[in-house]
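Down below is the structure, laid out as structure tokens.
The values are calculated or read from the model by the stated rules, or taken from the named source; none is laboratory data. What you see is a predicted model; the values in this text were computed from it and never measured. Cβ atoms come from the backbone with ideal geometry, glycine included; neighbour counts cover every protein chain shown.
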Amino acid sequence: MRVSGRGLYRGALAALVMALVPGAYAGNLSQQQLTAFGAEAKLEFAVVSNFAAKPQARLSLSNSSSVALPAGAGDWSIYLHSVRKLDEVEVSGLKLRHLQGDLHEIAPTAAFKGLAVGATIEIPYSASAHLVSYSDFMPRAFIAQPGLNAVVFANTDSENLQNFIAPITTPEQQLRNNTDRYEIATAASRYEQNLAVNSIKVESGNKIIPTPKQVKYRSGTVAVDGSWQVSFAGRLAGESNYLLEQLKAYGLTLKASADHIALTGKLIELRVDASKAEPEGYLLNIAADKITVTGGDNAGAFYGIQSLLSLLPAPGASKLEVPLLSVTDAPRFDWRGMHYDMARNFHSKEVTLRLIEQMARYKLNKLHLHLTEDEGWRLQIPGLPELTDIGGKRCFDLSEQSCLLTQLGTGPHASGSGNGYYTTEDFIEIIKFAHARHIEVIPEIDMPGHARAAVKAMEARYNRLLKAGDKAAAERYLLSDPQDKSQYITVQNYTDNSINVCMPSTYVFVDKVIYELQQMYRKAGTKLQTFHMGGDEVGAGSWTASPACEALFAKGEQGVAGVADLKPYFVSKLAAITHTRGLALAGWEDGLMYDPNNTFNREQFANKTVLANAWDNIWEWGVADRAYRLANAGYEVILSPGTHLYFDHPHEAHPEERGYYWATRYSSTEKVFGFMPDNLYANADKTRMGEPIGNLEALVGRALPGLEKPENLRGIQGQLWSETVRTGAQFEQMIYPRLISLAERAWHKAEWEGDKPDNRARQQDWANFAVQLSQKELPKLAALGGDFYLPPPGAKIENGKLLVNTSLPGLATEFSVDGGKSWKLVDGAEILESGTAKVRSRLGNVTSRHVEVGQ
């Protein structure tokens, strides 16, 4: 007799039965059989068509193992990750169903006839959204049975997704539907597109990136060598030390002294003079025997140092010469940010430190750390060990008392990709490292939605303390109401990720977390200034059947009469907590709005500053105006538009490119470079499906509000969400070199910007910038040992000759005629004996993905 039911909590009971009655279920497997099947059988996926009413795909289970799956309803199941929610279906006695988030189960029913050695079962299924990219699928599917160790299907245990996904080559596989007007990039289409940037005569010379306000070049250069000394104002000791450390990478060890000690000879002088430069601004003068950096403040002096370093070649150059010049500079925006989601997939402290170093090089000054999510809590909080002991790792525990339910291709083991967290010591080190580089770290604790990791961790804490008999302590930080029967499903397919905003314990938890954050900042020698609450994408239906909320409505306190009042009520409570602690409050735009058109009353929040990240700007949906609505209502807005500044979107329209494409099919380095922050509506180029936009107001069918309070536009920020980004290398490939384009627009306003941009001037500016990337900025990244994205080249074969170009002129290109076994440098027009070749770009040890070219 088998235990019935396949709910999330069947595991413990089934394991008990198996322990008491060995071999109790005829349809079950031994550990040896489970291991052999996972190691040798193959689970594969294929896109069938996106042109049907719902996207169609196929799963194949091929039994290339020596173990036959027994007939009948055994207690084993196969689990797979899919960011697209899959519709429930039963085929050949195998039932596919959604569990939670991206986790799905395939379980045998009584109708299952078994799977013989050498046999294959195919399961056609439909998905909730498009499947046009390999990264729409996740690795590490596994087979599990209660009481046994789960086993990953070996062929899916890879970051090379094409190992287990059939080729995506046809239009109905590559396009989102039959109205998708984006062309899939090919070697030939790239070649034609690259002709524009390659035909432009670029300005010669060594440029500072990001571009200063004013530069005056003089004739000649000066060598930077060991004969120079550094003189610094006493308050710039930290900045001086930074300069000395950076020069060591070039093999230079310079002496430095505070300016009360007279020095002779060649000097690099570091000064602060608020009368000569703006806050964060600087003057840089390079002469034959003296280099002077004068900052309006310490940050300005630091940025002057960065401009000096920007003029140096990559480490390893035979000589270090910089041009004689004078620079007057100051930033365009005081908020020049980068958002990094390490909550969904954690990548290590070292990756974060490398990001901070690169942000500093390009004068970005705000690091928005997305520390918590449904899939993970990534910061140790003293006194709440469950947040990281459970919330910091994912594994296969359906009860979620030892870890979170596995998600996002992690697989069943706690050693899987994406697991981990910052210890308090790690985080203090990160804050110190950033502070020394004039970067403010903004911690985000995402609430009340996107909070599943916190909810489940505090439920585990509740269970532990309740079992110990301490009910009061158990309830102190509880974030969920056990009696809440509310039903909802979020965009990311969770049904239980909302913190209950009606429970007093929720705000005790918030205050505890903020208190501990403040202590970490103090230990780092600085102070927490801004707390980001998240606030976005709360599942519709949250709290609609919560007794705690019904009790709150009955009291009629603070004007809370129903569910619609709960989001502003929650924000008001967080505003009060953060205001008392002297903090600014920040949130994503929809967390500060009732609906797409109506913001919460800014006056109800006591904080001097309430910041809003404006992100959802799908042009045809008519939501792009929310940035201006929030600014006009008194919120300080950070432009974070999905169409241009979401670096988790693909670099180009191609199935091999990683990333989501909900806002735009792709966002190239050039597109980021071309973003115009002061003219938001002027960026409306195409709809999500690639239709050209001629008149935005005509498209949305109403007048769009203008920016009445431009002083409330604080700046811009790039975003990296990590659902499809499981490794540190993948992370860096997604953000570089797009981050450098972001920095250019955050620091410098180009002359070609405007309601009607000068596209010819923009193209010239981009060509100049692209050459700087290929010749100087990317070689510097390569020298530091990080990773970055290289665009694949364009190519065509004409009269037997191979012609190759790149979107970053000056990159080396290579070709192969033996399927990639050997590569040769492209040197002019290569004559091919065969009619096909593979081509790729190269810079140092970094190569682009290769592409096919044929006649």
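One residue is enough: does region 671-690 have a residue meeting the conditions within 14 Å of the chain's Cα centre (by Cα) and crowded, with 22+ Cβ neighbours inside 10 Å?
Pass one, region 671-690, residues within 14 Å of the chain's Cα centre (by Cα): none.
The answer is no; no qualifying residue exists.
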note = Scanning region 375-389 for residues that are in contact with a Ser or Thr (Cβ under 8 Å, 6 or more places away or on another chain) and either closer than 22 Å to Thr490 by Cα or among the polar types (S, T, N, Q) (or both) gives Trp377, Arg378, Gln380
request  = Need at least 2 residues that are among the aliphatic types (A, V, I, L, M) and closer than 17 Å to Ala317 by Cβ per element, so show me which strands (runs of 3 or more DSSP E) inside region 200-262 make the cut, counting only ones lying wholly within it.
outcome  = 214-223
message = Could you go through region 289-296 and let me know if any residue there is out of contact with any helix residue (DSSP H, G or I) (no Cβ under 6 Å at 6 or more places or on another chain), part of a loop (DSSP other than H, G, I, E, B) and crowded, with 18+ Cβ neighbours inside 10 Å.
response = yes
Hey, Ser774 of a type in the set (Ser, Thr, Tyr), closer than 27 Å to Val327 by Cα and touching a strand residue (DSSP E or B) at 6+ places or on another chain (Cβ under 8 Å) or not = yes
note = Here the residues within region 827-842 that are at pLDDT below 95 and aliphatic (A, V, I, L, M) are Ala829, Ile831, Leu832, Ala837
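Only one residue in Ala698, Ala703 is farther than 30 Å from Val322 by Cα, free of Cβ contacts under 8 Å to residues at least 24 places away in the same chain and assigned to a loop (DSSP other than H, G, I, E, B). Which one? Steps first, please.
On the way: Ala698 fails: assigned to a loop (DSSP other than H, G, I, E, B).
None of the others qualify; the one that does is Ala703.
With the structure loaded, tell me whether Gln407 is in a helix (DSSP H, G or I), modelled with pLDDT of 95 or more, more than 15 Å from the chain's Cα centre (by Cα) and farther than 19 Å from Tyr521 by Cβ or whether it fails that test.
No: the conditions fail for Gln407.
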request  = Could you tell me whether region 249-257 includes any residue that is crowded, with 17+ Cβ neighbours inside 10 Å and closer than 13 Å to Ala301 by Cα?
outcome  = no
query = Hey, among Asp616, Asp625, which residue is crowded, with 16+ Cβ neighbours inside 10 Å, among the charged types (D, E, K, R) and either farther than 27 Å from Asp374 by Cβ or in contact with a strand residue (DSSP E or B) (Cβ under 8 Å, 6 or more places away or on another chain) (or both)?
reply = Asp625
query = Any idea which of (1) more than 22 Å from Phe45 (Cα to Cα); (2) touching a residue at least 40 places away in the same chain (Cβ under 8 Å) is the one Ser199 doesn't satisfy?
reply = (2)
message = For Asp102, only one of the following conditions fails: (1) crowded, with 21+ Cβ neighbours inside 10 Å; (2) over 26 Å from the mean Cα position of the chain (by Cα); (3) among the acidic types (Asp, Glu). What is its number?
response = (2)
request  = Kindly indicate whether any position in region 786-795 is in contact with a helix residue (DSSP H, G or I) (Cβ under 8 Å, 6 or more places away or on another chain) and either assigned to a helix (DSSP H, G or I) or charged (D, E, K, R) (or both).
outcome  = yes
message = Can you tell me which of (1) assigned to a helix (DSSP H, G or I); (2) farther than 30 Å from Ser133 by Cα; (3) modelled with pLDDT of 95 or more is the one Gln775 doesn't meet?
response = (3)
inquiry  = surrounded by fewer than 23 Cβ atoms within 10 Å (Cβ to Cβ), hydroxyl-bearing (Ser, Thr, Tyr) and more than 30 Å from Asp297 (Cα to Cα): which single residue out of Thr410, Thr423 fits that description?
reply    = Thr423
task = For residues that are polar (S, T, N, Q), surrounded by fewer than 24 Cβ atoms within 10 Å (Cβ to Cβ) and touching a strand residue (DSSP E or B) at 6+ places or on another chain (Cβ under 7 Å), tally how many sit in region 344-392.
result = 2
query = Within region 762-783, is there a residue that is exposed (fewer than 15 other Cβ atoms within 10 Å of the Cβ) and either more than 24 Å from the chain's Cα centre (by Cα) or not aromatic (Phe, Trp, Tyr) (or both)?
reply = no
message = Residue under question is Ser318, and the condition is that it be touching a Phe, Trp or Tyr at 6+ places or on another chain (Cβ under 9 Å) and without any contact (Cβ under 8 Å) to a residue 40 or more places away in the chain; does it hold?
response = no
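In region 803-835, how many residues are touching a residue at least 24 places away in the same chain (Cβ under 8 Å) and either over 25 Å from Trp766 (Cα atoms) or more than 34 Å from the chain's Cα centre (by Cα) (or both)?
Count: 10.
Each row is one residue, and each column tells you yes or no for (1) at pLDDT 95 or above; (2) closer than 22 Å to Gly642 by Cβ; (3) of a type in the set (S, T, N, Q); (4) not in a helix (DSSP H, G or I).
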residue: Ser318; (1), (2), (3), (4): no, no, yes, yes
residue: Met338; (1), (2), (3), (4): yes, yes, no, yes
residue: Arg344; (1), (2), (3), (4): yes, yes, no, yes
residue: Thr352; (1), (2), (3), (4): yes, no, yes, no
residue: Ile356; (1), (2), (3), (4): yes, no, no, no
residue: Met359; (1), (2), (3), (4): yes, yes, no, no
key: Residues located in region 272-288, provided they are in a strand (DSSP E or B), under 23 Å from Tyr217 (Cβ atoms) and over 35 Å from the mean Cα position of the chain (by Cα)   = Asn285, Ile286
message = Against the definition (within 25 Å of the chain's Cα centre (by Cα), farther than 26 Å from Cys395 by Cβ, outside the structural domain of Glu657 (by TED's automatic domain parsing) and touching a residue at least 12 places away in the same chain (Cβ under 8 Å)), how does Ser66 come out, yes or no?
response = no
key: Test: Leu175 is among the aliphatic types (A, V, I, L, M), out of contact with any strand residue (DSSP E or B) (no Cβ under 6 Å at 6 or more places or on another chain), buried (at least 18 other Cβ atoms within 10 Å of the Cβ) and at pLDDT 95 or above   = yes
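Just name the residue that is nearest to Pro210 (Cα to Cα) out of those in region 756-772 that are of a type in the set (D, E, K, R) and not in a loop (DSSP other than H, G, I, E, B). Working first, answer last.
Start the filter on region 756-772 by keeping residues that are of a type in the set (D, E, K, R), which leaves 756, 758, 760, 762, 765.
Cutting the leftovers down to not in a loop (DSSP other than H, G, I, E, B) gives us 760, 762, 765.
Values: Arg760: 20, Arg762: 15, Asp765: 12 Å.
The extreme case among them is Asp765.
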Residue in region 549-569 that is buried (at least 22 other Cβ atoms within 10 Å of the Cβ), at pLDDT 95 or above and farther than 21 Å from Tyr488 by Cβ present = no
